[in-house]
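S.K.: I have a structure I would like to understand better, so I am pasting it below and will then ask my questions one at a time.
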Amino acid sequence: MDVHLIPTITHGHVLVSEPRAAARQGILVGFHGYMESARTQMERLEAIQGASAWTLVSIQGLHRFYRGRSDEVVASWMTREDRELAIADNVAYVAAALDQVPHDQSTRIVYTGFSQGVAMAFRAGILGAHPASAIIAIGGDVPPELVADTALRFPAVLFARGSQDEWLTQARFEKDVSALEARGVALKPLVYEGAHEWNAAVTGAIGEFLSTISRGH
């Protein structure tokens, strides 16, 4: 039996919220976790202090499904099947989504992800057509192929895990911290009180991180 991999066209679900403040800071792009939605991630972005000065873009995974027996639509970014093709599709999807958001080469773009969305934040921000000014990674691993490729440039990174997170363990977290530091990345590691979750401590830490970026430090 042969396996045929067929390119196709599908439509992605992307939420965009224009900045309400006069002093615009840039674009803050969000990637949700497994079995979550763009709406969930947009609500997280909106809760960040200073978010009103950013264009908020929440991108939903292309693989949509219903949560359990409910009518709630959620999504996933990828599975291990046809992994490399899925990565390329996702990176191209993010680039196409940002092409629809007005900006120029001077616009600051910060990518933020939770759980499964962390890998998307790194891949889109480092491999994509719109390079990251910074990456915010909450509760997910750094893609190992990116760390291993010495030709790639990493921006500043806020990398965080919950102290009771059983998925991103302390050992895995420290391994990625060491790998990023060895690459000379401007890294802010953070362990916050909580489990595998995006909570108020995360929201506060991101607000402080974005404030630092906005000041040009």
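S.K.: So the check is Cβ under 6 Å with 6+ separation or different chains; which pairs have a first residue in the range 45-63 that's farther than 24 Å from Val73 by Cβ and a second one that's surrounded by 20 or more Cβ atoms within 10 Å (Cβ to Cβ) and of a type in the set (S, T, N, Q)?
M.R.: Pairs found: Ala53/Gln25; Trp54/Gln25.
S.K.: Another question about this same structure. I'd like the full set of residues that are within 25 Å of Gly26 (Cβ to Cβ) and in contact with a strand residue (DSSP E or B) (Cβ under 8 Å, 6 or more places away or on another chain), limited to the range 76-101.
M.R.: Trp77, Tyr93, Val94, Ala97, Leu98, Gln100, Val101, listed by residue number.
S.K.: Is it the case that the range 95-105 has a residue that's touching a Phe, Trp or Tyr at 6+ places or on another chain (Cβ under 9 Å) and within 21 Å of Arg123 (Cα to Cα)? Even if it seems obvious, please write down each step before you answer.
M.R.: Of the range 95-105, the ones touching a Phe, Trp or Tyr at 6+ places or on another chain (Cβ under 9 Å) are none.
No, the range 95-105 contains no residue that is touching a Phe, Trp or Tyr at 6+ places or on another chain (Cβ under 9 Å) and within 21 Å of Arg123 (Cα to Cα).
S.K.: Criterion first (at pLDDT 95 or above and within 13 Å of the chain's Cα centre (by Cα)) does Arg172 satisfy it?
M.R.: No: the conditions fail for Arg172.
S.K.: Here is a follow-up. Please find, within the range 77-101, the residue that is farthest from His4 (Cα to Cα) out of those that are of a type in the set (Val, Ile, Thr) and open to solvent by less than 50 Å² (accessible area, probe 1.4 Å).
M.R.: Out of the qualifying residues, it is Val101.
S.K.: Taking the range 102-114 as the search range and keeping residues that are open to solvent by 20 Å² or more (accessible area, probe 1.4 Å) and of a type in the set (Ser, Thr, Tyr), which one is farthest from Arg24 (Cα to Cα)? Outline the logic, then answer.
M.R.: Kept after step one, since they are open to solvent by 20 Å² or more (accessible area, probe 1.4 Å), are these residues of the range 102-114: 102-108.
Filter again for of a type in the set (Ser, Thr, Tyr), leaving 106-107.
Details: Ser106: 12, Thr107: 10 Å.
Filtering first and then ranking leaves Ser106.
S.K.: Which one is surrounded by the most Cβ atoms within 10 Å (Cβ to Cβ), of the residues in the range 203-217 that are of a type in the set (A, V, I, L, M) and more than 26 Å from Met35 (Cβ to Cβ)?
M.R.: Leu210
S.K.: Then there is this: Run Val118 past the list (1) closer than 16 Å to Ile206 by Cα; (2) surrounded by fewer than 21 Cβ atoms within 10 Å (Cβ to Cβ) and report the number of the one that doesn't hold.
M.R.: (2)
S.K.: List the strands (runs of 3 or more DSSP E) inside the range 1-76, counting only whole elements, that have at least 2 residues being under 23 Å from Ser211 (Cβ atoms) and open to solvent by less than 20 Å² (accessible area, probe 1.4 Å).
M.R.: Qualifying strands (runs of 3 or more DSSP E): 26-31, 54-59.
S.K.: For the range 77-86, which residues satisfy the criterion of being hydrophobic (A, V, I, L, M, F, W, C) and assigned to a loop (DSSP other than H, G, I, E, B)?
M.R.: Hits for the range 77-86 are Trp77, Met78.
S.K.: Among the listed residues Asp104, Asp89, which satisfies the condition of being part of a helix (DSSP H, G or I), free of Cβ contacts under 8 Å to residues at least 40 places away in the same chain, over 10 Å from the mean Cα position of the chain (by Cα) and more than 16 Å from Trp198 (Cβ to Cβ)?
M.R.: Criteria check complete, one pass: Asp89.
The values are calculated or read from the model by the stated rules, or taken from the named source; none is laboratory data. Bear in mind that the values here come from a model prediction, so they are computed numbers and not experimental data. Methodologically, a virtual Cβ is constructed for each residue, glycine included, from the backbone with ideal geometry; neighbour enumeration extends over all protein chains shown. Ligands, DNA and RNA are stripped out before the accessible areas are found, and what is left, the full protein with its side chains, is counted by its heavy atoms. Shrake-Rupley method; radii C 1.70, N 1.55, O 1.52, S 1.80 Å.
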